[in-house]
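None of the figures in this text is laboratory data; all of them are computed from the coordinates on show. Values in this document were obtained by computation on a predicted structure and should not be read as measured data. Cβ atoms come from the backbone with ideal geometry, glycine included; neighbour counts cover every protein chain shown.
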Amino acid sequence: MSDIAARLPLLGGALCLDFTNTLEPWGAEQPTEFFTSYAALFAWAVHAGALAAEPAAALSTLAEAQPEDASAVLGEARSLRRAIYGLFSAAAQGRPPGLDELERLNSILAEAGRHRRLERSGDGFAWGWQGVDADLRAVLWPVALSAADLLASPQFARVRACAGCGWLFLDGSRPGTRRWCDMRVCGNRAKARRHYARAREAMSL
């Protein structure tokens, strides 16, 4: 499943939303899980740009040497994913955020903050990370930061759930009425279903 995680479409418009879109559909009794192992989580993080190539290679080696720790981090990743999804779902429905979900996000943010560093970049400066190549939990830090930035931004009101697959995405359209994560996929499927339903109705007349 790691190869599938490394090929998932990145349609959320924000790292944290793409992170939630690794389980589908939310709320189902038996949803499809794409984070089936730390290797799948790791592959997704590289694919989504949460990890750069150099620390990614070191983390891959570390995960192989510490399988029990890697498995524990996988559980934490799923817990963080559930918290982020819950926070955005609550905001979209006008409900107050769950305190447990907010605390879960804040705990990862506090950890990420201890590793966040301002570094030289060319003639200027850029944010970077310290100790990424030595901590299996490093895959969670950029995701938590992305979620916090979006939740604290006016853009969080633009988060939508796809009417087709339920994936979360950031609606960048001017009217803010986009319904699909990808019109070419979910939108066309919905059109096909409506066309089929109309055809069947016409045949029954």
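Cβ crowding within 10 Å ranks 37, 89 as 37, 89, fewest other Cβ atoms first. In this simple spin-label model, placing a label point 7 Å from the Cα along the Cα-to-Cβ direction at both residue 37 and residue 182 gives a separation of 2.5 nm.
Give the calculated FRET efficiency between residue 78 and residue 121 to the nearest 0.05, with a Förster radius of 25 Å applied to their Cβ-Cβ distance. The value I calculate is 0.15. Magnitude of the charge dipole for the chain, about its Cα centre and with charges confined to Cβ atoms of Lys, Arg (+1) and Asp, Glu (-1), is about 1380 debye. Other residues lying with their Cβ under 11 Å from the Cβ of residue 167 contribute a combined charge of -2, Lys and Arg counting +1, Asp and Glu -1. Shown here are the Rg and Dmax of the Cα trace of the stretch 12-87, at 12.8, 39 Å. Normalised by the number of residues in the stretch 2-159, the average gap of Cα pairs under 8 Å and 6 or more apart makes the relative contact order 25 percent. Only helical runs count toward this figure. For the chain, summing -39,500 (n - 2.57) over DSSP H runs of n ≥ 4 and dividing by all residues gives -16500 deg cm²/dmol at 222 nm. Amide H to amide H, with H built 1.01 Å from N, residue 129 comes under 5 Å of 117, counting only residues 5 or more places away or on other chains.
In the stretch 2-159, the C-alpha radius of gyration followed by the widest Cα-Cα span (Dmax) gives 15.5, 53 angstrom.
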